[in-house]
Amino acid sequence: METTDFAIVGGGIVGLATGLRLQALHPGARILLLEKESAVAQHQSGRNSGVIHAGVYYAPGSHKARFSAQGVTATKAFCDEQQIPYQLCGKLIVATDAAETERMGALETRARANGIVIERLTGEEARKLEPNISAVAALLSPSTGIVDYGAVAMRMAQLFQERGGLIRLATRVTGGAETEAGLTLETTRGALSAGKAVFCGGLHADRLARMFGAAVEFRIVPFRGEYFAIRNQPADLVQHLIYPVPDPARPFLGVHLTRKIGGGFTVGPNAVLAMAREGYHKTDVSLADLRDSLGYAGFWRLMRRNLGPALGELSGSMLRPLYLKKVQKYCARIRLEDLVPYKSGVRAQAVAPDGRLIDDFVFVRSRHSLHVCNAPSPAATSAIPIAEHIVEALTA
């Protein structure tokens, strides 16, 4: 049987960053990364808004708040070192009515508690910065930026291999067990044993955790985020990222207008239940995945709590004019004919048995392994400090 010192399951940006961190702290160790797809970063790492999140939104003291703040610096340093293009274009969180202005105040307080540089603007000040945007007030986050996380992940994979790491693509973990000495992993390309393992399974994180005996009560429920590219608009439509004021009761940040690192703009994402964990299209259906969601009591409790917003998201997904209304609330010049379908993403969202959306990153440790059980946005921004946390916990 093949043996390795460390096995990493999952070739997204967190798994790749973990591989690099293990190499830095354990030179000479044999490290094997297993990825079920034919290339790395094919899911959440390669299908996102490309935003370097400053950490404005997250509960003070949470993993998200701490790792996002550290991640901005770490991501910039990695991109500078590896000559990967990024821009710190800043973000405007815009309020368009009195209720949003009131919620914006709470968001400002949270940002300051997290040590994030934030500036409150009047509507007039916001319009001077962005003449094409409607706002009665706004928050400016100057340290927010954009990058191509797929390119970041690809460079991490190259570095990992150059430094002696092994990446085995098209290899799915199908079973295994933790033993006194380490772990045995059954894969579609044979069995192997590992001294320690890290599981970065994303959309399948709960299944992998249960497969190896971890006690997890939550379930991953997939939410598709649909995007549109913007055409027929000038290159200077906006200079910043434009975000609505989010609903504090929900972890999703709403449909935002995002500059892309290669030029152009997108709007999105919404958040609709996906009929498959890798359901990037409306027609993608997995009966096994649907059974997992619909057979879970926590899902129905979640729906009861959020029926109105869920129906609103579904309506916007089915009827493009309703989706457009979310965008026109802050940018009226964008028209229906300007929206061009763009690749969607699927958020791997952990849902508790009581129907609560688990908002923070979740790590489950066993004797010889660590499972990254909930790592949605801002995990891409936070990947490097997350990896430091993983390796410290795994090897303590």
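The values are calculated or read from the model by the stated rules, or taken from the named source; none is laboratory data. Everything numeric here is computed off the predicted structure, so don't read it as measured data. Positions of Cβ are generated from backbone atoms using ideal geometry, with glycine treated the same way; all protein chains shown enter the neighbour counts.
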Legend entry - Close pairs from the range 196-219: first under 18 Å from Leu357 (Cα atoms), partner surrounded by fewer than 21 Cβ atoms within 10 Å (Cβ to Cβ) and among the hydroxyl-bearing types (Ser, Thr, Tyr), Cβ under 6 Å, at least 6 apart: Arg219/Tyr296
Inset, instruction - Scan the range 313-321 and give yes if some residue there is in contact with a Ser or Thr (Cβ under 7 Å, 6 or more places away or on another chain), within 27 Å of Asn132 (Cα to Cα) and not in a helix (DSSP H, G or I), otherwise no. - result: no
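In the range 47-84, what residues are free of Cβ contacts under 8 Å to residues at least 12 places away in the same chain and either crowded, with 24+ Cβ neighbours inside 10 Å or assigned to a loop (DSSP other than H, G, I, E, B) (or both)?
Correct list: Gly61, Gln83.
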Inset, instruction - Restricting attention to the range 269-298, report how many residues are buried (at least 18 other Cβ atoms within 10 Å of the Cβ) and under 13 Å from Gly355 (Cα atoms). - result: 3
Legend entry - Residue selected from the range 338-358 under the condition in a loop (DSSP other than H, G, I, E, B) and over 19 Å from the mean Cα position of the chain (by Cα), by the criterion nearest to Leu307 (Cα to Cα): Gly355
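Across the range 277-297, what is the number of residues that are assigned to a loop (DSSP other than H, G, I, E, B) and not acidic (Asp, Glu)? Before you say what the answer is, go through the steps one by one.
Of the range 277-297, the ones assigned to a loop (DSSP other than H, G, I, E, B) are 277-286, 295-296.
After this cut, where a residue has to be not acidic (Asp, Glu) as well, the list is 277, 279-283, 285-286, 295-296.
So the count comes out to 10.
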Inset, instruction - Only one of these is in a strand (DSSP E or B), among the charged types (D, E, K, R) and outside the structural domain of Val272 (by TED's automatic domain parsing): Glu226, Glu180, Glu186. Name it. - result: Glu186
Inset, instruction - Taking the residues in the range 2-30 that are surrounded by fewer than 24 Cβ atoms within 10 Å (Cβ to Cβ) and within 13 Å of Gly195 (Cβ to Cβ) as candidates, determine which candidate is modelled with the lowest pLDDT. - result: Glu2
Legend entry - Pick from the range 104-145, criterion surrounded by 21 or more Cβ atoms within 10 Å (Cβ to Cβ), part of a strand (DSSP E or B) and touching a residue at least 60 places away in the same chain (Cβ under 8 Å), ranking: farthest from the chain's Cα centre (by Cα): Leu139
Legend entry - Hits in the range 345-364 - residues which are under 14 Å from Val221 (Cα atoms) and either without any contact (Cβ under 8 Å) to a residue 12 or more places away in the chain or touching a helix residue (DSSP H, G or I) at 6+ places or on another chain (Cβ under 8 Å) (or both): Val346, Ala348, Ala350, Val351, Ala352, Pro353, Asp354, Gly355, Arg356, Leu357, Asp359
Inset, instruction - Would you be able to say whether some residue in the range 365-388 is without any contact (Cβ under 8 Å) to a residue 40 or more places away in the chain and in a strand (DSSP E or B)? - result: yes
